[in-house]
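Report on the structure given below.
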Amino acid sequence: MWYYEKKLQYPVKVRDCNPRLAKYLIEQYGGADGELAAALRYLNQRYTIPDKVVGLLNDIGTEEFAHLEMIATMVYKLTKDATPEQLKEAGLGAHYANHDRALFYQNAAGDPFTATYIQAKGDPIADLYEDIAAEEKARATYQWIINMSDDPELNDSLKFLREREVIHSLRFREAVEILKDERDRKKIF
Amino acid sequence: MFSQFKYWEPYISPFDPCPPIRVKSYSTPPNLYINFQPPGMPQFKTPKQALLHGTLWPDLYSPYPNPAKRGDQLE
């Protein structure tokens, strides 16, 4: 069960009306390395992972939903007042024809979200290594979007999200360290 | 201490169609150099600072874009 806090994890401000950026940002919404894929991946893996790291997957999976909400807010703000003409110019004509200004789980190229983005191998090490890779890929995706965006306020939020990917990657590495630890061996600190 | 960005020089052909980017770089964030966060790492002075950086610990902060970026480099 979850408690919902009616505020964003980090403030989202958008300076310019720039629907084209929304087209790129949707990659983090419904793309293979996006926040939806991340949240579903971790929250699904937690059932079959050793209990020492279940809590970690639960926490990070939950935080990914908070990130998803931030991305949704960005996309919404960037498109809500754009005219059909502006959307067309931004390459969102096909999206408008299908969805109006509604958000849709798809990547920047318009491919709909698919469960095949998410792996669940059942092997704890394989799953955690995938999670580490997913975080690094999400970090890189944020970098490429920041490189294309000249909105300083939006970039501020994107940099926050990018840093969270760095921290999550470290936490998954720590989870691997916990699982490979020789429990019976005496440790001297 | 490690560096947050690494640089490399790709091969430049005399027949490249676009003006060459001589130095390319990529981000190597702190998580690559820490297997397990040690206890008692120093934290940011204020909660607001921590929020703005996205982490409680300055040592885990990864700047982007590269603050030392030069014009001839590509992230």
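The values are calculated or read from the model by the stated rules, or taken from the named source; none is laboratory data. These figures come from a predicted structure and were not determined experimentally. For neighbour counting, all protein chains shown are included, and Cβ atoms are generated from backbone atoms with ideal geometry for every residue, glycine included. SASA here: full protein model, heavy atoms, side chains in, ligands and nucleic acids out. Shrake-Rupley method; radii C 1.70, N 1.55, O 1.52, S 1.80 Å.
Assorted remarks:
- Within the range A:109-134, the residues that satisfy the criterion of being among the hydrophobic types (A, V, I, L, M, F, W, C) and open to solvent by less than 30 Å² (accessible area, probe 1.4 Å) are A:Leu128, A:Ile132, A:Ala134.
- Meets criteria (surrounded by 13 or more Cβ atoms within 10 Å (Cβ to Cβ), within 14 Å of chain B (Cβ to nearest Cβ), within 30 Å of B:Ser27 (Cβ to Cβ) and modelled with pLDDT of 95 or more) for A:Lys137: yes
- A:Arg101 satisfies every condition listed in (1) over 28 Å from B:Phe36 (Cα atoms); (2) touching a Ser or Thr at 6+ places or on another chain (Cβ under 6 Å); (3) within 14 Å of chain B (Cβ to nearest Cβ) except (3).
- Across the range B:47-75, the number of residues qualifying as at pLDDT below 80, within 10 Å of chain A (Cβ to nearest Cβ) and open to solvent by 70 Å² or more (accessible area, probe 1.4 Å) comes to 1.
- Test: A:Lys88 is over 22 Å from A:Ile60 (Cβ atoms), free of Cβ contacts under 8 Å to residues at least 40 places away in the same chain and out of contact with any Asp or Glu (no Cβ under 6 Å at 6 or more places or on another chain): yes
- Matching residues in the range B:18-46 - criterion: being surrounded by 11 or more Cβ atoms within 10 Å (Cβ to Cβ), within 27 Å of A:Ala175 (Cβ to Cβ) and more than 8 Å from chain A (Cβ to nearest Cβ): B:Tyr26, B:Thr28, B:Leu32, B:Tyr33, B:Met41, B:Gln43, B:Phe44
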